[in-house]
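Following: one structure in structure tokens, then a few remarks.
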Amino acid sequence: MRIGRFERMLLIKIADLGDAAITLPAIHSLRKAYPQASLHVVSSPLGTELYRLSPDIDRCFVLEKSRLKRPAGALALARLLWTLRRQQYDAVALFHHLTTNAGRSLYRLLLAATASPVRAGLDNGLGTFLTHRVPDRGFGACPEWDYARAVVEALGASPQLERPRLRVPEAAFRRAQELVSDARDGLVVIHPGVGPFAPARRWPVESFTTVARELTRQGYQVVVTGTVNEEPEARPLLRTPGVTSLIGRTDLATLVAVLQQAKLVIGNDSGVTHLAAVLGRPTVAIFGPSNPDAWRPFEAEIVTPETLTTTRASVLALTAALPCAPCCYVGFRVGRPQGCSTRTCLIDLHPDVVLRAALQLLEGDRDSSW
């Protein structure tokens with residue numbers, strides 16, 4: 001049941017690619033509940049790139065947290081706060097945990113600037129500035145995309161999530177078709193990177209190489225995605241015969257178009273696997289020190305090498321499920337995003353297990369169009 005006839009709503013998710021992607025189903029639910037409302041978003045530069053592809057969002061504001069301690073960053077924040085005050089929002093949704101002191105201070109400031117009478121978000125006992133408090137039971141009590149659902153449900157949206165659409169410009173779609181024009185027998189996207197935060201999530205590149213070699217041998221076209229900064233780490237994989245490198249060759253819109261054409265996406269717990277899952281592509285997301293109960297992609301099933309054959313899910317969060325894992329994002333603490341020195345949780349996921357998961361999904365998607 002709706003709690004009001006909202007006309008102007010602000011959504012706050014200052015996030016990288018994956019964190020932004022997992023909020024899209026909830027935002028789509030909010031849009032369906034309030035089809036005539038103006039939905040605005042405050043996010044990071046990369047998060048804004050993704051949100052601008054969503055037909056559910058009307059306007060984006062950029063906030064670069066890494067610059068806030070500099071004079072120019074503080075000035076940009078002051079301008080943003082003034083802009084938000086002038087928008088006269090009647091509801092705000094905060095898609096963040098209140099984990100750190102710095103984060104709480106920033107979110108409190110942003111919400112205060114809106115002067116909105118309705119402010120919904122997760123509350124771990126420190127959300128006194130919220131009017132509609134969604135109980136935060138800690139990382140892993142439910143997936144992050146389900147926490148986002150609970151926040152928009154507090155604003156009157158349906159509790160049922162649906163897969164959202166993204167709006168890809170025609171030029172990006174044509175560019176993607178040019179890049180993967182040889183995918184006659186099925187396109188497999190491998191994303192071996194994880195971004196700058198928590199590099200301990202990275203499965204060994206040699207293991208990715210073993211999987212890619214077998215998939216190309218079986219006739220699939222394997223392409224590798226990533227940023228220019230990730231190219232050195234990916235070189236052993238890129239030297240694999242039959243593998244095509246798209247590293248540094250796609251902007252975000254083109255990457256979305258490439259993923260939309262994929263029969264399978266394989267990667268670490270990363271923004272690309274989250275994006276692939278939201279797009280509805282069969283996906284194998286490899287988890288090590290990070291918490292799959294918290295960060296499994298949208299509609300993913302958590303599987304281990306032992307339970308892999310029993311699943312019928314098309315999106316898999318694959319984990320070795322060691323007793324010491326996960327060691328980051330557990331309970332109410334960030335924990336150890338750097339992992340441990342041995343990273344046994346990733347090394348114990350052998351290439352044959354990931355290959356078995358990949359082939360299982362490829363065979364199940366054999367008759368789907370792409």
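The values are calculated or read from the model by the stated rules, or taken from the named source; none is laboratory data. Please read all numbers here as calculations on a predicted model, not as lab measurements. All Cβ positions, even for glycine, are placed from backbone atoms using ideal geometry, and neighbour counts span all protein chains on display. The accessibility values were calculated without ligands, DNA or RNA, using every heavy atom of the protein model including side chains. Shrake-Rupley method; radii C 1.70, N 1.55, O 1.52, S 1.80 Å.
Quick look at the values:
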read-out	value
28 Å tail of the calculated P(r), the chain, as % of Cα pairs	44
Candidates P25, P199, P326, ranked by Gaussian network fluctuation over the chain, Cα under 10 Å, top entry	P199
Karplus-derived 3J(HN,Hα), 6.51/-1.76/1.60, for each residue of region 81-98, Hz, glycine and proline x	4, 5, 5, 5, 4, 6, 6, 6, 5, 9, 7, 10, 10, 9, 9, 9, 6, 9
Charge context of A76, other residues only, Cβ under 13 angstrom, K/R +1, D/E -1	+4
Gaussian network model of the chain, Cα within-10 Å springs - most flexible of P236, P323, P35	P323
Normalised convex hull volume, region 15-89, alpha-carbon set, Å³ per residue	81
Under 5 Å, built H, 5+ apart or other chain: amide partners of F332	F139
Hydrodynamic radius of region 200-254 per Kirkwood, over alpha carbon pairs, in Å	11.7
Sites A115 and D251 - FRET efficiency at Förster radius 45 Å, r taken between beta-carbons, to 0.05	0.80
Under-5 Å amide H pairs with L349, H placed in peptide plane, nonlocal only	none
Heavy-atom accessible area ranking, 1.4 Å probe, most first, across K32, K13	K32, K13
Cross-link partners of K65 among lysines (Cα-Cα below 20 Å; sequence separation of 8 or more within a chain)	K13
Carbon + sulfur, % of accessible area of region 145-264 - ligands and nucleic acids excluded, 1.4 Å	47
Amide H contacts under 5 Å for V222, placed H, 5+ residues apart	V188, T244
Vicinal HN-Hα couplings computed from phi for region 17-32 (Karplus, 6.51 cos²θ - 1.76 cosθ + 1.60; Hz; Gly/Pro x)	4, x, 5, 5, 4, 6, 8, 4, x, 5, 5, 5, 5, 5, 4, 5
Accessible surface of E214 - all protein chains present, 1.4 Å probe, nearest 10 Å²	40
Three principal axis lengths of region 194-353 [C-alpha, angstrom, descending]	40, 35, 29
Estimated FRET transfer efficiency when R0 is 41 angstrom, pair L80-H350 (beta carbons, to 0.05)	0.30
Rounded accessible area per residue of the chain, 1.4 Å, Å²	44
Accessible carbon and sulfur surface of region 268-347 relative to its total accessible area, %, 1.4 Å	53
Percentage relative contact order, region 34-150, counting C-alpha pairs under 8 Å, at least six apart	17
Region 163-212: trypsin sites (Lys or Arg not before Pro) in DSSP coil with no more than 15 other Cβ atoms inside 10 Å	R165, R167, R184
q = 0.11, 0.20, 0.24 Å⁻¹, region 157-253: log10 I(q)/I(0) [Debye, one scatterer per Cα]	-0.40, -1.03, -1.23
For region 20-156, alpha-carbon Rg relative to the globular expectation (2.2 N^0.38 Å, N residues)	1.01
Cleavage-rule hits (GluC sites (Glu not before Pro)) in region 279-338: DSSP loop, at most 13 neighbouring Cβ within 10 angstrom	E306
The chain: most fluctuating residue of P55, P292, P196 per GNM, C-alpha cutoff 10 Å	P196
